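A.B. asks: Have a look at this one.
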Amino acid sequence: MAPSYAETEDQGALPSDYREERKEASDDMHDTPEEMAQWKPLAAALQSCHDVVDPAYRAADRPAMHFQRRRQVIAISAAIAGTVAVLLATFDALDFSRFIVPILYFSVATAIAFVAVLLGIVTLLHVQWMFLRHKAERFRFLKFRFLIDPHLWGDDAAQRERTVQWLTYAADKVTELTNEELKTWAERGILPEEPPGLAGSRADAHTLYSLVDYYLTKRCRNQLHYFERRARQFSSTDRYIKELPRLLFFGAVLAALGYFSLNLFDTYLQPQVAAAQGSAPMITLAIVFIILAASFPVISSGVRTFRSAYQLARNTSRYKAAFEAIKLPAQRLEHHAERLYGLSVEGHATIDAYDVFRDLWRCEQILEAEHREWLRLMMEAE
């Protein structure tokens, strides 16, 4: 027989105040014995997640993090090496290499260009990180969809057992996920829906309070803080570099203007003025102008590549939108938790849980929609 997740015996003492501060959970997928004791009515359900979902999540998450960090380093290195290689080629076209030992110049330039090409190829081969990241997130969605399923907390033991069996089946399906299914899942629109069994759902007040409190602590608040922090980080970084391409292009135009103006001025100088000051400074200044005119667009392209690698502008917008979208249902869950705590203290047993499960479900749908948007963005960038 399936464990009775709605069991209320030996619930443990309620916290002295619902609003007491708790340390923010650093890992929403792993539940320690202390956390299971803290949310004791959920212990059996959390143990099911620990046994079925957690190992599969770790198997996808660890390599995904490793490949993602390595890919970002490689992408930025490729952008820098590529920019330097094009600059060296530009300088050679301007006969700049005559100022240093030619064999040294061309050896260094060739090596940098080779490294840029090699890193670019390696970056293309690291698309597996996106699949693994998506797979890990699917396990995360699976855990929380399982926990907020109304069937898991009702009085029907057969429904609870079927829900537990579904968790194993769904985890196996995610484990067998293929790259071909990645695009299909990303492009499939997500429509507002209600979880099965929501209509007429009821649950024990204390168990429901524990569920909402757990979800807020381990999932919802973490996501709110994450979206807000990432939006601020991306916005701050992009603020300093998003104008660079335009400024560099304008600088290139100014350098070209300076070069042509200098040539025009030099062509019509009075012979005695030219003879008095010599033409060498003019030639040197002309070389500087033309180098700047040729280099600025190349550097601008490198900056654009950097911004593209991190998708700074679009990620800023995406994180801000996700934060605003989840803020309202998160506030409703905070009110639900406070109300449920009061009902628990008053000794209420089974209550109508429709509004609570609906808001839990909405939060998960918003997070899933945000992940779909991220996936489409990454697929377009790749």
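The values are calculated or read from the model by the stated rules, or taken from the named source; none is laboratory data. What you see is a predicted model; the values in this text were computed from it and never measured. Please note: Cβ atoms are built from the backbone with ideal geometry, for glycine as well, and neighbour counts cover all protein chains shown.
A.B. asks: Under 6 Å between Cβ atoms, at least 6 apart or on separate chains: pull out the pairs that start in region 313-333 with a residue that is without any contact (Cβ under 8 Å) to a residue 24 or more places away in the chain and end on any residue that is buried (at least 19 other Cβ atoms within 10 Å of the Cβ) and of a type in the set (Val, Ile, Thr).
C.D. replies: So the pair list comes out empty.
A.B. asks: Here's a check for you: in region 134-166, which residue that is modelled with pLDDT of 90 or more and outside any helix (DSSP H, G or I) is farthest from the chain's Cα centre (by Cα)?
C.D. replies: Selected residue: 149.
A.B. asks: Considering every residue within region 335-351, establish whether at least one is modelled with pLDDT of 90 or more and closer than 15 Å to residue 219 by Cα.
C.D. replies: Checking region 335-351: at least one residue is modelled with pLDDT of 90 or more and closer than 15 Å to residue 219 by Cα.
A.B. asks: Can you tell which of 265, 250, 260 is over 24 Å from residue 160 (Cβ atoms), in a helix (DSSP H, G or I) and at pLDDT 80 or above? Can you show your working first?
C.D. replies: Working: 265 fails: at pLDDT 80 or above; 260 fails: at pLDDT 80 or above.
Testing whether each residue is over 24 Å from residue 160 (Cβ atoms), in a helix (DSSP H, G or I) and at pLDDT 80 or above leaves just 250.
A.B. asks: Quick check, is residue 186 of a type outside the set (Lys, Arg), crowded, with 16+ Cβ neighbours inside 10 Å, free of Cβ contacts under 8 Å to residues at least 40 places away in the same chain and more than 17 Å from residue 333 (Cα to Cα)? Outline the logic, then answer.
C.D. replies: Numbers: of a type outside the set (Lys, Arg): yes; crowded, with 16+ Cβ neighbours inside 10 Å: yes; free of Cβ contacts under 8 Å to residues at least 40 places away in the same chain: no; more than 17 Å from residue 333 (Cα to Cα): yes.
Here the answer is no, as residue 186 does not meet what is asked.
Let's see how each residue does on (1) crowded, with 18+ Cβ neighbours inside 10 Å; (2) within 21 Å of residue 321 (Cα to Cα); (3) of a type outside the set (A, V, I, L, M, F, W, C):
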site: 203; (1), (2), (3): yes, no, no
site: 213; (1), (2), (3): yes, no, yes
site: 219; (1), (2), (3): yes, yes, yes
site: 242; (1), (2), (3): no, yes, yes
site: 258; (1), (2), (3): no, no, yes
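A.B. asks: Evaluate the following for residue 131: is it farther than 28 Å from residue 41 by Cα, of a type in the set (Phe, Trp, Tyr), at pLDDT 85 or above and surrounded by fewer than 20 Cβ atoms within 10 Å (Cβ to Cβ)? Give the steps one after another, and end with the answer.
C.D. replies: Details: farther than 28 Å from residue 41 by Cα: yes; of a type in the set (Phe, Trp, Tyr): yes; at pLDDT 85 or above: yes; surrounded by fewer than 20 Cβ atoms within 10 Å (Cβ to Cβ): yes.
Judged against the criteria, residue 131 is a match.
A.B. asks: Only one of 295, 235, 279 is surrounded by 12 or more Cβ atoms within 10 Å (Cβ to Cβ), among the polar types (S, T, N, Q), at pLDDT 70 or above and farther than 24 Å from residue 83 by Cα. Can you tell me which? Please lay out each step first, then the result.
C.D. replies: Numbers: 295 fails: farther than 24 Å from residue 83 by Cα; 279 fails: at pLDDT 70 or above.
Of the residues listed, the single one that is surrounded by 12 or more Cβ atoms within 10 Å (Cβ to Cβ), among the polar types (S, T, N, Q), at pLDDT 70 or above and farther than 24 Å from residue 83 by Cα is 235.
A.B. asks: Also, quick follow-up: Is it fair to say residue 177 is aliphatic (A, V, I, L, M) and part of a helix (DSSP H, G or I)?
C.D. replies: Numbers: aliphatic (A, V, I, L, M): yes; part of a helix (DSSP H, G or I): no.
Spelling it out, it is not the case that residue 177 is aliphatic (A, V, I, L, M) and part of a helix (DSSP H, G or I).
A.B. asks: Of the conditions (1) surrounded by fewer than 16 Cβ atoms within 10 Å (Cβ to Cβ); (2) assigned to a helix (DSSP H, G or I), residue 336 fails just one. Which one is it?
C.D. replies: With respect to (1) surrounded by fewer than 16 Cβ atoms within 10 Å (Cβ to Cβ); (2) assigned to a helix (DSSP H, G or I), residue 336 is out only on (1).
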